[in-house]
Structures are given as C-alpha cells and as structure tokens.
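These notes concern the structure reproduced below.
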Ligand SMILES: Cc1cc2nc3c(=O)[nH]c(=O)nc-3n(C[C@H](O)[C@H](O)[C@H](O)COP(=O)(O)O)c2cc1C
C-alpha cells in the first residue's frame, strides 16, 4: 500500500455472495443489457410481484429503462459465467453485446436470453435518484422459472473468469467507485 491510499472500514457486504442478474432493455429500437447484483424482491403479495433494482445513471442500459419504463431481469445460471465480462465490463456505447450471442425478443421487443434460471418482465412504477444510482421500483408483469439450473453467484462468477478479465473487472469496480464519489447525493432529513 502506498502512503496516499485510503483505508476504508471493512464492509458487512464483503461477507455476502450476491446472485448475478442480466438486465436487458429496449427503447426506440435500441437494445441494451448489463450485469446487476443489487436486485431485490419488494413485496410479499403473491399476486402483485414487485422488485427493486439499483442502476448507475452512467449505464447505457439505465438510459433505455428511463426512456421505456420497462426491462427484463434474468437470473443467470452457473453455465452463463461467460456473460459476466460481456455485459459487466463493456458498455453498449462501445460494443454491440448482442452481436455474437443468441437471443429472442420477448414482450415489448426486449432481448430475452436462453439458458438462465428464469426471467421477469418488469415495468417501472417509481424511481428515486440517489446521484450515483437510480433506485427503480418495478412491478413484475410476467415471469418464467427454470428450476433445473443453479444460480450464478458473484464469487464463483469471478473465480471462473480468465485472470486478465478478472483483473479488468476488479479495476472497473475500483474506477467506477471513484467516479461515483462525485455523483453520490448527500441526503439529509
Ligand atoms: C458483478 C457485477 C455486478 C454489477 N452490479 C451492478 C448493479 O447492481 N448496478 C449497476 O448499475 N451496475 C452494475 N454493474 C456494472 C454494469 O454491469 C457495467 O457498468 C456495464 O458495463 C454497463 O453496461 P451498459 O453501459 O451497456 O449499460 C455490475 C458489474 C459487475 C461485473
């Protein structure tokens, strides 16, 4: 460690191991997709399923969701670990992530990838701008579950990457964190 590096307190979340989700969206003929981990169910009411998701305002995919109010969340399966760098390292602004993968179009024309543990078609009902993240609350319109596959989790997903891609993913995480320090809103009550 150099003298200029800051030491942060340990995080309780370093002990967790989040599932990996792929979020896809479409707006005005443009497709997008990104990896997300901050995805949560948001109600116990079985006939009114609802979820929350936290997305960076800097992400191309977020812009599509802001425009269309819709997205699809896929819970990735262990076999889909190669989708992590494709959808989590690069932006659709710089590369067409859908050029070399097979996908269909689900409801509202949103890209739907085969091989996941399941997917949910969502429409946004509320949002909160936190600066570095937009918190979306979304109702689930329809969903499909494949119980024969195991969800991909973050630790395993990183362990399965080639070392150079793992290094790039970790570096992006660090750089995004520095960028987000300038975006985060200080909320007071
Ligand atoms: C393991 C992992 C988890 C991530 N979780 C989130 C997340 O919850 N929310 C988010 O906005 N970005 C998250 N990202 C970052 C986006 O996937 C990444 O910035 C992506 O390149 C954005 O692509 P886009 O600009 O094409 O939308 C995550 C990335 C990785 C590798």
Checked the range 110-176 against the a/c 1.5 cut and the a/b vs b/c comparison, axes a ≥ b ≥ c from its Cα gyration tensor; verdict oblate
If 87, 103 are placed from fewest to most neighbouring beta carbons inside 10 Å, the sequence is 103, 87
Honestly the range 68-150 on the Cα gyration tensor test (a ≥ b ≥ c root eigenvalues; a/c under 1.5 rounded, otherwise a/b vs b/c for prolate or oblate) is just oblate
Taking 113-125, 64-76, 135-147 and ranking on average Cβ neighbours within 10 Å, highest first, one gets 64-76, 113-125, 135-147
Expressed as a whole-number percentage, the relative contact order of the chain with C-alpha contacts under 8 angstrom and at least six residues apart is 24
Expressed in angstrom and rounded, the centroid-to-centroid distance over alpha carbons for the range 139-172 and the range 65-120 is 12
Of 41, 111, 57, the most mobile residue in a GNM of the chain (C-alpha springs, cutoff 10 Å) is 41
Of 77, 11, 91, the most mobile residue in a GNM of the chain (C-alpha springs, cutoff 10 Å) is 11
Fraction of alpha-carbon pairs in the range 6-81 farther than 16 Å apart, rounded to whole percent, equals 60
Highest GNM mean-square fluctuation among 176, 47, 96, for the chain with Cα springs under 10 Å, belongs to 47
Mean shadow area (nm²) of the C-alpha convex hull around the chain is 12.9
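Values in this text are rule-based calculations from the coordinates and carry no lab data. Owing to the predicted nature of the structure, the values given are computational and were not obtained by experimental measurement. Please note: Cβ atoms are built from the backbone with ideal geometry, for glycine as well, and neighbour counts cover all protein chains shown.
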